[in-house]
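Worksheet: one structure, shown below.
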Amino acid sequence: MGITEKFRVGIVGCGAIFPMHAQSLAHTEHAVIAAVCDSKEERAKAAADAYHCRYYTDYKDMIDSADLHAVHICTPHYLHAPMAVYAAGAKKHVMTEKPMSIDYGDAVAMVNAAREHGVCLGVIFQNHYNPGSVLIKETLQSGALGRVISGRITVAWNRDDAYYSESDWKGTWEKEGGGVIINQAIHTLDLMRWFADSGVDYVDASIHNRMHGGIEVEDCAEGIIAFKNGVTAAFYCNNYSAYDAPVALELYCEKGVANIDGDCGTVTFHDGGTLTADTDADLAAGYGAAMKDYWGVSHVKQIKNFYEALSKGVPPDITGDYAAETQKMIAAVYRSGKTGKRVALD
């Protein structure tokens, strides 16, 4: 590509999460939306009209004929892996929504396909870019907090029966891959892994369906994740609370305590000093009324990083290799929850 040429991007899936990608791309100087695709033609056409591009109803047709450099995948979970592997095989860079797959083996296949065909695979974990997350990560990296000793996570949200009954894929092991863990809590669990900065030693977890009789998957989970560097993290997650409470993440460290409350990050040192960083509220307006508060406003930051990295020929901040390790951890939570046994990881 020439220095001034933009990456031509196709987006597969024009549903709820589509605006977060489309609007982010519209504000990314290195990329342009060239095509969109959705199995529902009216939805694909509406998206194409909004972003002045071609539309397709078959993702393979779009990938094969639209002259793209990259593909964004915004489809149900079970479609992420096959679509990513197909796009990589066509030598297109790939940015997929979380989770990268519903099976760890599929995550590995995605990473291998990208490596084999010389393309970049990125996975959305936009909360890495929230100011509060950045503050805590940088403070940890500076050594100012000392060693992380333990962590705890609480995710208590609300997903009513209609959330599942109105979908043909949510609430199923085959298509969603799980419930509150893989769909809602994955972002916060991933942040814990990022902050711990270590491989996972073992997971000991329980999963239950306590309030949603019409679904197969869990609506409640709790347990412990033990990291190889000695950090232990307790977690409790459910999606039958009265409302979407701000997520809570705490790190107890040698020299202080770091907290995330919603999007706000706070570091309180044992000597009394404090640091705080809150959300970028000014970014929210660009996403329109379709944006959900719990998504945050950092998609644009990650997507900009992805294309800036591609333009420089370097890996983005969040690679497929990184995301596969989070997927491995999530898979271990499910394996432990289903078997009732502690699951050790390599």
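Exactly one condition in (1) within 29 Å of residue 225 (Cα to Cα); (2) modelled with pLDDT of 95 or more; (3) part of a helix (DSSP H, G or I) is false for residue 310; which is it?
The failed condition is (1).
Does region 30-47 contain at least one residue that is touching a helix residue (DSSP H, G or I) at 6+ places or on another chain (Cβ under 8 Å), surrounded by fewer than 24 Cβ atoms within 10 Å (Cβ to Cβ), at pLDDT 95 or above and more than 17 Å from residue 306 (Cβ to Cβ)?
Looking through region 30-47, at least one residue is touching a helix residue (DSSP H, G or I) at 6+ places or on another chain (Cβ under 8 Å), surrounded by fewer than 24 Cβ atoms within 10 Å (Cβ to Cβ), at pLDDT 95 or above and more than 17 Å from residue 306 (Cβ to Cβ).
Taking the conditions exactly as written (under 19 Å from residue 109 (Cβ atoms) and among the aliphatic types (A, V, I, L, M)), does residue 36 satisfy them or not? Show your work before the answer.
Values: under 19 Å from residue 109 (Cβ atoms): no; among the aliphatic types (A, V, I, L, M): yes.
Taking the combined requirement at face value, the residue does not satisfy it.
Please count how many residues of region 70-85 are part of a loop (DSSP other than H, G, I, E, B) and buried (at least 21 other Cβ atoms within 10 Å of the Cβ).
Within region 70-85, the subset part of a loop (DSSP other than H, G, I, E, B) is 74-76.
Applying the additional criterion that residues be buried (at least 21 other Cβ atoms within 10 Å of the Cβ) yields 74-75.
So the count comes out to 2.
Please specify each residue of region 92-136 satisfying the condition of being hydroxyl-bearing (Ser, Thr, Tyr), closer than 27 Å to residue 175 by Cβ and not in a loop (DSSP other than H, G, I, E, B). Before you say what the answer is, go through the steps one by one.
From region 92-136, those hydroxyl-bearing (Ser, Thr, Tyr) are 96, 101, 104, 129, 133; that's our starting set.
Then keep just the ones that are closer than 27 Å to residue 175 by Cβ; that gives 96, 101, 104.
Within region 92-136, 96, 104 meet the criteria.
Considering region 240-260 alone, what residues qualify as being aromatic (Phe, Trp, Tyr) and either outside the structural domain of residue 209 (by TED's automatic domain parsing) or over 24 Å from the mean Cα position of the chain (by Cα) (or both)?
Across region 240-260, the qualifying residue is only 252.
Filter region 188-225 down to the residues that are in a loop (DSSP other than H, G, I, E, B) and among the acidic types (Asp, Glu), then identify the one that is surrounded by the fewest Cβ atoms within 10 Å (Cβ to Cβ).
The qualifying residue surrounded by the fewest Cβ atoms within 10 Å (Cβ to Cβ) is 197.
Give region 66-82 a look and list any residue that's in contact (Cβ under 8 Å) with a residue 60 or more places away in the chain and touching a helix residue (DSSP H, G or I) at 6+ places or on another chain (Cβ under 6 Å), or say none.
Across region 66-82, the qualifying residues are 71, 72, 73, 74.
Does residue 167 count as touching a Phe, Trp or Tyr at 6+ places or on another chain (Cβ under 6 Å), among the polar types (S, T, N, Q), outside any helix (DSSP H, G or I) and surrounded by fewer than 18 Cβ atoms within 10 Å (Cβ to Cβ)? Spell out the reasoning first.
On the way: touching a Phe, Trp or Tyr at 6+ places or on another chain (Cβ under 6 Å): no; among the polar types (S, T, N, Q): yes; outside any helix (DSSP H, G or I): yes; surrounded by fewer than 18 Cβ atoms within 10 Å (Cβ to Cβ): yes.
Here the answer is no, as residue 167 does not meet what is asked.
Within region 90-128, take every residue that is in contact (Cβ under 8 Å) with a residue 60 or more places away in the chain, hydrophobic (A, V, I, L, M, F, W, C) and farther than 17 Å from residue 302 by Cα and give me the one that is surrounded by the fewest Cβ atoms within 10 Å (Cβ to Cβ).
108
Let me spell it out: the conditions are (1) outside any strand (DSSP E or B); (2) buried (at least 17 other Cβ atoms within 10 Å of the Cβ), and residue 235 meets all of them except one. Which number is the exception?
Unmet condition: (1).
Is at least one residue of region 50-62 farther than 22 Å from residue 30 by Cα, in a strand (DSSP E or B) and hydroxyl-bearing (Ser, Thr, Tyr)?
Taking every residue of region 50-62 in turn, at least one turns out to be farther than 22 Å from residue 30 by Cα, in a strand (DSSP E or B) and hydroxyl-bearing (Ser, Thr, Tyr).
Among the numbered conditions (1) in contact with a strand residue (DSSP E or B) (Cβ under 9 Å, 6 or more places away or on another chain); (2) touching a residue at least 40 places away in the same chain (Cβ under 8 Å), tell me where residue 226 comes up short.
The failed condition is (2).
Kindly establish whether residue 297 is at pLDDT 95 or above and of a type outside the set (Phe, Trp, Tyr).
No, not satisfied.
Can you confirm whether residue 74 is of a type in the set (A, V, I, L, M, F, W, C) and in contact with an Asp or Glu (Cβ under 7 Å, 6 or more places away or on another chain)? Can you show your working first?
Numbers: of a type in the set (A, V, I, L, M, F, W, C): yes; in contact with an Asp or Glu (Cβ under 7 Å, 6 or more places away or on another chain): yes.
Against the criterion (of a type in the set (A, V, I, L, M, F, W, C) and in contact with an Asp or Glu (Cβ under 7 Å, 6 or more places away or on another chain)), residue 74 qualifies.
What's the number of the only condition in (1) under 22 Å from the mean Cα position of the chain (by Cα); (2) surrounded by fewer than 18 Cβ atoms within 10 Å (Cβ to Cβ); (3) under 25 Å from residue 173 (Cα atoms) that residue 27 fails to meet?
Tallying (1) under 22 Å from the mean Cα position of the chain (by Cα); (2) surrounded by fewer than 18 Cβ atoms within 10 Å (Cβ to Cβ); (3) under 25 Å from residue 173 (Cα atoms), residue 27 fails exactly one: (3).
Of these, 276, 319, which one is at pLDDT 95 or above and within 15 Å of the chain's Cα centre (by Cα)?
Every option except 319 fails the conditions.
From the list 284, 290, which one is in a loop (DSSP other than H, G, I, E, B), among the hydrophobic types (A, V, I, L, M, F, W, C) and either at pLDDT below 95 or under 30 Å from residue 216 (Cβ atoms) (or both)?
290
The values are calculated or read from the model by the stated rules, or taken from the named source; none is laboratory data. It should be emphasised that the depicted structure is a prediction, and the values quoted were computed from it without experimental measurement. All Cβ positions, even for glycine, are placed from backbone atoms using ideal geometry, and neighbour counts span all protein chains on display.
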